[in-house]
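Structure first, then comments.
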Amino acid sequence: MPATLLDFRSKSKRAMQSFVRTFGPGDPDDEANLPMDAKPRRWVDPKTGKEISRLKSVVVDDKGNLLLKRLITICIVGAIGAACFLMYVSGVASYQEAPVSVKEETTVQDDNTLRWGSKRGFCMTCVNAPYRGWSWWFGWGECKCHAGWSGACCDIPMLNNGECALYDEELVLIHDHSVVPGIPFHKDLVTSPCSNAWSIDALGQGVAPVVVNMLYNIIDERPPDYVVESLDDLHAATKENSYWSLLWETLKLFAAIFTDDRGAEYDMLNSLTECEGVASDYASDSTGLTALSTMGRCYEAEMDALDEVYTGQYKPTLPEYNNFWRLIDPEESILFAMVDNVNDTIPVAWMRSDDMFGWLRLVGSNPDMLRVAVAADFNSNFDVTDAIYNTAMGESGSGTLDAALAEGRLFMMDFSIFGGGVSDNNGKYLHAPKALFAVPQDTSKRLVTVAIQMMQEPSDEYPLMGAPDPSIRDQFVEKDDGTKSKDFSPTMSESDKQTLIKWAMSKTAVQAAESSYFEVVTHFGRTHLVMEPFMMATKIAFHETHPIRKLLEPHFEGTLHINQGAVDSLISVGGVIDKIFPPPITVTQSLAVTSCKDFLENFNDNMLPKTFEKRGTSTLPAEYPFRDDGLLLWNAITDWTLDYLKITYSSDSKMRKDPWLKCFWDLLVSVDGGMLKNVGDNGHGVLYTREYLAEFLALIIWTGSGQHAATNFPQKDVGAHITMNPTAAWADGKLNAAGLSIQNWFDMLPPLHEAFDQLNTEYLLGSVHYNRLGRYEEDYRNGHFTGAYRDAELRFQAALDNLESIIVARNQVSGTMRGDVFPYIILMPDNTPNSINI
């Protein structure tokens, strides 16, 4: 029998004995139930000599019947009823009653431990305890508290010398990330990867299409229907949450593909399926990631062999590049940005129109770099004239550059962060361009590209280029070879032809520079790395039952694991980033750390509405999906966090009395911890109100959900499109090269091997959507929030459903870029995961 029950029975029997000794009527039944050494006292009526009760007038009725048993029964039933009522009251009381019920903050030194809490004894609630002794229900004994809590009510958090108690003794906040030093990180936490469901989603959604793409790499046709059907079966297998079904469908896919011998490609994939160790890796590693890594190494070896077949650095033709893309984008939704027809041998659309180039500044993987231009942008190093402006705008005689500047209609992208660029790092080049854009006087119209300069200072090699005159931009004709492909018109002047080629090269230089910036700064540094100190502080400061920890943890799932994977294989020496991006890997790592620290040291400036204010993009451009959809999502998140906090804390003062929250805050603002600056209600590191804390928590959630989605998922549709978005310039791109021709533009595109690395990496990263924002009940967290918190969660989900329908409607408005040309679906809540897990 449990000791607690024995204790209860012993104490309760002694209490009954005492009661009977004092008031007992001498009932034989009562006496028989007592131990031999515990006989009750007898009372005798002196007149009659009969034994009577001492409380006869109370416990004996008119007929002399004893009522003691009845009285005891009534007392016990009443006590049980009162206890049930108190348990009900304490049960419906929300968690915050423990810390905020502290009437008087005291500090009691006890074994070098500082305890904050009340001095009271018995309490009505005991929520920070795994169980309670039986005696607790009867007014004595204490709760059996969780680690880190003390007191009869388990409402006294234990702080070691005023600092946060560590629930895991090995868990400390350190700054020794294995490759990128300076970011708060703890490697031990990545030993447990995210759930199997995540890994299966990654393999099924991202890897399988990449494998198919690899098979049909230079085939001038679409995948056969039987391959597509097999691929659909593979996708379906991911829903079964079983690696074995996934592996089986993968083998079926290979079998379907191998029915057609395709020479070098067949040999390559035949070797890949026999890759040594893949099967055993699947059996030994429940995440499947080891097998994927093994297959990746075999893939690299086979790609090297394929390079040899094509005599080294083979560069596909434009139709071959187009067919790469058709495989993963069968509807050709973005090919139009480069060509009119998949058989075009020159980038006809890229030279004819800048609509997509301007649109990518607002919906691509780097949607928050565009800023309003200022007078200091225009000088001898960027000498844009009225003539250049009016040619681009088609507003000759109707406006000036100065007028557009004064009206806030000019916008800049400036890659000065790259200094003098990179010259020939293993064949890769990086320019440091400036680009000017403008909104027409009719501000409802699209963003127009005005001028591009490939380096920070103009030169003969890299002069300032204004947008070509519209009159020369459509001089193309169909070839007579039956392919419907287009080429330059034979009547086109050499001067006009070179102008279009130089303009195409300038745009590609911007795209390549933006690729390097987005992947390292916007993506890895300002989302992946930024989340680490908040994950660490949450783990250290809050007990697992604390509401704020429960709020934040779903938004951390998989992040440390995927970050470590990135550090080990993506942003490491010899990793993919090192291979296909121009900066030396040490420079890349430094840029990631610098961008992360910039975020942490300017925390309040990263609140989403403030980012648009700071960049001067709050109202213009008029059609700016990242801003418009992002603010919808931001507002829904801030409403959710404020709603949540008002349940947790009934007032700002009670919030400030929560010592766990104080620990969390102190860790984050410490120079040895999260390093946060420009933080707090007034920007000076002090937390005053629930409204500010709601924004603070919303920024953490937004960064791990919406912000990461906005920069990561365009990789699938934009980043993987090799001809439009190369990760590097593979030639110097000098505009004064002798005999300049369209071949100079082609030279800026990647060779076959690197093209596959780019396509496969960015398609994979942009394809995996594991879980959905706000749908906490869809995975293992069923019942994660209960009571009032669950009601608030349902309100949040209803808000997300509403804004999903708003975004759908926006994508159907005719006369807009998103309605007519390229819809923006990235920030639909159903497309936005809870956390950074890819």
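The values are calculated or read from the model by the stated rules, or taken from the named source; none is laboratory data. Just so it is clear, the model here is predicted, and its values are computed rather than measured. Cβ: placed from backbone, ideal geometry, glycine included. Neighbour counts: every protein chain shown. We work out accessible area using only protein heavy atoms, side chains counted, and drop any ligands, DNA or RNA first. Shrake-Rupley method; radii C 1.70, N 1.55, O 1.52, S 1.80 Å.
General remarks:
- Here the condition is being under 30 Å from Ser493 (Cα atoms), open to solvent by less than 10 Å² (accessible area, probe 1.4 Å) and not in a loop (DSSP other than H, G, I, E, B); of Trp745, Trp702, it holds for Trp745 alone.
- Taking the range 661-698 as the range and being among the charged types (D, E, K, R) and touching a helix residue (DSSP H, G or I) at 6+ places or on another chain (Cβ under 9 Å) as the test, the residues that pass are Lys662, Asp666, Lys677, Asp681, Arg690, Glu691, Glu695.
- Residue within the range 500-507 that is within 15 Å of Ser741 (Cα to Cα), touching a Gly at 6+ places or on another chain (Cβ under 6 Å) and either at pLDDT 95 or above or in a loop (DSSP other than H, G, I, E, B) (or both) present: yes
- Leading residue by the ranking (surrounded by the fewest Cβ atoms within 10 Å (Cβ to Cβ)) among those in the range 338-375 that are of a type in the set (Gly, Ala, Ser) and closer than 21 Å to Tyr321 by Cβ: Ser353
- Any hit, the range 682-691, residues being farther than 30 Å from Tyr517 by Cβ, open to solvent by 10 Å² or more (accessible area, probe 1.4 Å), in contact with an Asp or Glu (Cβ under 6 Å, 6 or more places away or on another chain) and in a helix (DSSP H, G or I): yes
- Unmet requirement for Ile806, which otherwise passes all of (1) under 23 Å from Thr711 (Cα atoms); (2) open to solvent by 30 Å² or more (accessible area, probe 1.4 Å); (3) at pLDDT below 90: (3)
- Of residues in the range 430-444 being polar (S, T, N, Q) and closer than 22 Å to Pro625 by Cβ, the one most open to solvent (accessible area, probe 1.4 Å): Ser444
- Against the test of being farther than 28 Å from Asp424 by Cα, free of Cβ contacts under 8 Å to residues at least 60 places away in the same chain and in contact with a Pro (Cβ under 6 Å, 6 or more places away or on another chain), the options Asn811, Asn771 yield a single qualifying residue, Asn811.
- Qualifying residue in the range 445-462 (condition: open to solvent by less than 40 Å² (accessible area, probe 1.4 Å), more than 26 Å from Lys614 (Cα to Cα), hydroxyl-bearing (Ser, Thr, Tyr) and touching a residue at least 60 places away in the same chain (Cβ under 8 Å)): yes
- Hits in the range 819-833 (condition: surrounded by 18 or more Cβ atoms within 10 Å (Cβ to Cβ) and either touching an Asp or Glu at 6+ places or on another chain (Cβ under 7 Å) or among the hydroxyl-bearing types (Ser, Thr, Tyr) (or both)): Tyr824, Leu827, Met828, Pro829, Thr832
- Pick from the range 774-793, criterion open to solvent by less than 10 Å² (accessible area, probe 1.4 Å) and either touching a Pro at 6+ places or on another chain (Cβ under 8 Å) or hydroxyl-bearing (Ser, Thr, Tyr) (or both), ranking: farthest from Glu320 (Cα to Cα): Tyr776
- Filtered residue count, the range 665-681, keeping only those that are in a loop (DSSP other than H, G, I, E, B), of a type in the set (A, V, I, L, M) and touching a residue at least 24 places away in the same chain (Cβ under 8 Å): 3
- The helices (runs of 4 or more DSSP H) falling completely within the range 546-664 include none with 3 or more residues that are surrounded by 18 or more Cβ atoms within 10 Å (Cβ to Cβ), on the phi > 0 side of the Ramachandran plot and touching a residue at least 24 places away in the same chain (Cβ under 8 Å).
- Among (1) modelled with pLDDT of 90 or more; (2) closer than 18 Å to Lys597 by Cβ; (3) open to solvent by 10 Å² or more (accessible area, probe 1.4 Å); (4) part of a helix (DSSP H, G or I), the one test that Glu695 misses: (2)
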